[in-house]
Amino acid sequence: FPDRDFHSWGKANIQEATPSELLKGAEREAELGILRRYLTEKKLIIGGTNPVSADQTLSAHLSSMAIRHLQADASKDRPLFLRVSYIYPHTPVLPPVPFNAMYDPASIPLPQVTQAEIDSFGRQTKTAYENLRVHGMKEAEIRKMRADYYGLASYADSEIGRIIRAFKAFSKDRPWLIVFNPDHGCKLGEHGMQEKFTFYDESVHVPLIAASSDGHLPRGKVCDDFVELVDLAPTFLSAAGVKLPQYLAGRDLTETAHRRVEPRTEVISEKLTYGRRAMLQTKQWSFEMQVSPDPLTGRRLNEKEMGWAAKSPLDDLDVSLFDRKNDPAEQHNLGADPERRRLCQELRERLVARIFPPDRVEYNWAKDIPSKPNA
């Protein structure tokens, strides 16, 4: 809300996963079963039990505030757009009781990682590996990391369920649309890493679930067409009866669900952390490359650097290529295969056309936007 935030609600200092709550000595960490990613410089918490009860976490308070708004403040005569954004599931991975014991670590399969795969990493992926590494931790620790993340995801599901029930009760006979979308996934030992920051399937292939009361989205249908997060805005605008401006890159998801538009043949993604990098993915191929002359930082590009990714030799672009049909686990990097060079060049040209159109600019929009209390 533009005029209210966690400070005004008295919830600004919730201590569920901060150093003041957890760093009280080895006894406290042992009590909570804290597991840290100890092979990297950042000792992030990747397992353990939340010291806060399930109804007192930041996520729980966020749900309660949204429900209170629906029950007490939201107008029943005007259209409503409610966006609720949870941090969980995310590091620190601390599912509260009883979600901390929902999954048996012994029953969870381990990811398969080989030294050959690690040796095939390019420079940017190798940098990510050095910062996200869990390969080499004990088998029991990897299983706990995965089980606790699953528990935290289930906890987030339960909080989302609270919101949905309250929202449907608020809507009653009014038409409604609900869209669930994470912004990224999380590797849980796959490729030897934990967290996001790569273009492997575990990081970029996320659920997108949409439901509506008016039948515009077919109930129970599973659609395996490519979609991108830019499809959210046109979906919301169309549901509100707004004529879509032509400059929007996205598509109304109802059109995709009913196959009233040609399926996308490819999707893209970009990232800044551990070096600027971009990906183009088709149904068969996942192609990625460095897009800045600086391999390790995510700084803003100047005008002269906009053409670097298009003009540089392929050998300078730290290319990775995975055959998703024959290597769905993306363990065999074909970027250096001479027989795939022409394919890499073609995919490079398609990716550059998407992410570096002639009118692209690099600009810090935040400096033009006045800060809000809850920004």
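The values are calculated or read from the model by the stated rules, or taken from the named source; none is laboratory data. What you are looking at is a predicted structure, and each value in this text was computed from that prediction instead of being measured. With ideal geometry, Cβ positions are generated from the backbone for all residues, glycine too; neighbour counts draw on all protein chains shown. In case anyone asks, the SASA skips ligands and DNA or RNA and just uses the protein heavy atoms, side chains included. Shrake-Rupley method; radii C 1.70, N 1.55, O 1.52, S 1.80 Å.
Brief remarks on what is shown
- Lone unmet requirement of (1) outside any helix (DSSP H, G or I); (2) exposed (fewer than 14 other Cβ atoms within 10 Å of the Cβ); (3) modelled with pLDDT of 95 or more for Asp77: (3)
- Which numbered condition Leu248 misses (of (1) open to solvent by 30 Å² or more (accessible area, probe 1.4 Å); (2) at pLDDT 90 or above): (2)
- Hey, Glu117 in contact with a helix residue (DSSP H, G or I) (Cβ under 9 Å, 6 or more places away or on another chain), among the acidic types (Asp, Glu) and under 30 Å from Asp252 (Cβ atoms) or not: no
- Residues of the stretch 92-150 satisfying the condition of being under 22 Å from Pro328 (Cα atoms), in a loop (DSSP other than H, G, I, E, B) and without any contact (Cβ under 8 Å) to a residue 24 or more places away in the chain: Pro109
- Failed item in (1) open to solvent by 50 Å² or more (accessible area, probe 1.4 Å); (2) in contact with a Gly (Cβ under 9 Å, 6 or more places away or on another chain); (3) in a helix (DSSP H, G or I), with Ile164 passing the rest: (2)
- Screening Pro92 with (1) open to solvent by less than 40 Å² (accessible area, probe 1.4 Å); (2) within 20 Å of Glu190 (Cα to Cα); (3) out of contact with any helix residue (DSSP H, G or I) (no Cβ under 6 Å at 6 or more places or on another chain); (4) modelled with pLDDT of 90 or more gives one miss only, at (4).
- In the stretch 260-295, the residues that are basic (Lys, Arg) and open to solvent by less than 20 Å² (accessible area, probe 1.4 Å): Arg276, Arg277
- Selected residue (criterion: surrounded by the fewest Cβ atoms within 10 Å (Cβ to Cβ)) from residues of the stretch 176-205 that are assigned to a strand (DSSP E or B) and charged (D, E, K, R): Lys187
- Where Ser312 falls short, out of the listed (1) under 28 Å from the mean Cα position of the chain (by Cα); (2) under 21 Å from Arg276 (Cβ atoms); (3) surrounded by 12 or more Cβ atoms within 10 Å (Cβ to Cβ): (1)
- Residues (open to solvent by less than 60 Å² (accessible area, probe 1.4 Å) and without any contact (Cβ under 8 Å) to a residue 12 or more places away in the chain) located in the stretch 317-375: Asp327, Pro357
- Residue match in the stretch 234-243 (condition: surrounded by fewer than 15 Cβ atoms within 10 Å (Cβ to Cβ), in a helix (DSSP H, G or I) and free of Cβ contacts under 8 Å to residues at least 12 places away in the same chain): no
- In the set (1) modelled with pLDDT of 95 or more; (2) outside any loop (DSSP other than H, G, I, E, B), Val230 fails one condition alone, (1).
- Condition met for Leu22 (of a type in the set (A, V, I, L, M, F, W, C), touching a helix residue (DSSP H, G or I) at 6+ places or on another chain (Cβ under 7 Å) and at pLDDT below 90): yes
- Between Thr125, Thr114, the distinction of being open to solvent by less than 30 Å² (accessible area, probe 1.4 Å), among the β-branched types (Val, Ile, Thr) and under 30 Å from Leu321 (Cα atoms) belongs to Thr125 only.
- The residues of the stretch 208-229 that are out of contact with any Ser or Thr (no Cβ under 8 Å at 6 or more places or on another chain), within 15 Å of Thr256 (Cα to Cα) and open to solvent by 70 Å² or more (accessible area, probe 1.4 Å), listed by number, are Ile209, Arg219, Gly220, Lys221, Val222, Asp224, Leu229.
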